[in-house]
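To keep things clear, I will list the structure first and then write my remarks on it.
The values are calculated or read from the model by the stated rules, or taken from the named source; none is laboratory data. The structure presented is a predicted model; accordingly, all values stated were derived computationally and were not measured. Neighbour counts are summed over all protein chains in view; Cβ atoms, including those assigned to glycine, are modelled from backbone coordinates with ideal geometry.
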Amino acid sequence: MLPDARLRLSGTRVDSGVSAQPSTDAETRSGARNRAERALQLRPAADYAVGMEGGIDVIDETLLAFAWIAVRAADGRAGEARSATLPLPDAVRRLVETGMELGDASDRVFDTVNSKQGGGAFGLLTDGLLTRESVYSQTLVLALLPLLNPVYR
């Protein structure tokens, strides 16, 4: 999306201001927004800050996983997008309902370790066809559109 730019990327840990496992669409979106805004505050020389937040919600008794990505530009412009939505199996839902975070519940159900640092539930359920990284990458492209595509100006 920035073919002529020299990019310098740096990660910054910031508090999301929401629960460790956001459990609604609105809470997840708020977490992404908070992360982007706080990252920009910590790195005032940055052109852009990106906040990513994974969350869950229940619709019609189905536990769904998704993410929000928020981008904030130094000049005040913003872009946001929600990822694809992953329906989760009942075995994962039951563990999450006991208070377990999604990553830990997925690890238990699929007999893996630290899957959220890898392909996540997306990778486990699609046998790698989609991964957390691939879904988040697509979502980042969509979140950047209002900042980089001139048709939005």
Here is a list of conditions, (1) in a strand (DSSP E or B); (2) within 18 Å of Met1 (Cβ to Cβ); (3) among the small types (Gly, Ala, Ser), and Ala36 meets all of them except one; can you say which number that is? (1)
Applying the selection to the stretch 138-147, what residues are aliphatic (A, V, I, L, M) and surrounded by 18 or more Cβ atoms within 10 Å (Cβ to Cβ)? Leu140, Ala143, Leu144, Leu147
Inter-residue pairs, beta-carbon under 8 Å, first more than 14 Å from Gly76 (Cβ to Cβ) and in the stretch 142-153, second surrounded by fewer than 14 Cβ atoms within 10 Å (Cβ to Cβ), 6+ apart: Leu144/Met1; Leu145/Tyr152; Leu148/Met1; Leu148/Leu2
Hits in the stretch 51-93 (condition: in contact (Cβ under 8 Å) with a residue 24 or more places away in the chain, outside any strand (DSSP E or B) and either within 18 Å of Arg29 (Cβ to Cβ) or touching a strand residue (DSSP E or B) at 6+ places or on another chain (Cβ under 6 Å) (or both)): Arg77, Ser83, Ala84, Leu88, Arg93
Could you please give the count of residues in the stretch 34-46 that are of a type in the set (A, V, I, L, M, F, W, C) and surrounded by fewer than 17 Cβ atoms within 10 Å (Cβ to Cβ)? 2
Identity of the residue in the stretch 126-141, among the hydrophobic types (A, V, I, L, M, F, W, C) and more than 12 Å from the chain's Cα centre (by Cα), that ends up farthest from Arg77 (Cα to Cα): Leu129
If I ask for residues that are touching a residue at least 24 places away in the same chain (Cβ under 8 Å) and either outside any helix (DSSP H, G or I) or exposed (fewer than 15 other Cβ atoms within 10 Å of the Cβ) (or both), which ones from the stretch 98-137 would you list? Glu101, Leu130
Quick one: which of Gly31, Gly54 is modelled with pLDDT under 95, buried (at least 22 other Cβ atoms within 10 Å of the Cβ) and closer than 25 Å to Leu102 by Cα? Gly54
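Yes or no, residue by residue, for (1) touching a helix residue (DSSP H, G or I) at 6+ places or on another chain (Cβ under 8 Å); (2) acidic (Asp, Glu); (3) within 23 Å of Glu27 (Cα to Cα); (4) modelled with pLDDT under 95:
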{"residue": "Met100", "(1), (2), (3), (4)": "yes, no, yes, yes"}
{"residue": "Gly103", "(1), (2), (3), (4)": "yes, no, yes, yes"}
{"residue": "Asn114", "(1), (2), (3), (4)": "yes, no, no, yes"}
{"residue": "Leu142", "(1), (2), (3), (4)": "no, no, yes, no"}
{"residue": "Pro146", "(1), (2), (3), (4)": "yes, no, yes, no"}
Within the stretch 1-12, take every residue that is over 15 Å from Ala46 (Cβ atoms) and not aliphatic (A, V, I, L, M) and give me the one that is farthest from the chain's Cα centre (by Cα). Asp4
With the structure loaded, tell me whether Ala26 is within 14 Å of the chain's Cα centre (by Cα), surrounded by fewer than 16 Cβ atoms within 10 Å (Cβ to Cβ) and in a loop (DSSP other than H, G, I, E, B) or whether it fails that test. no
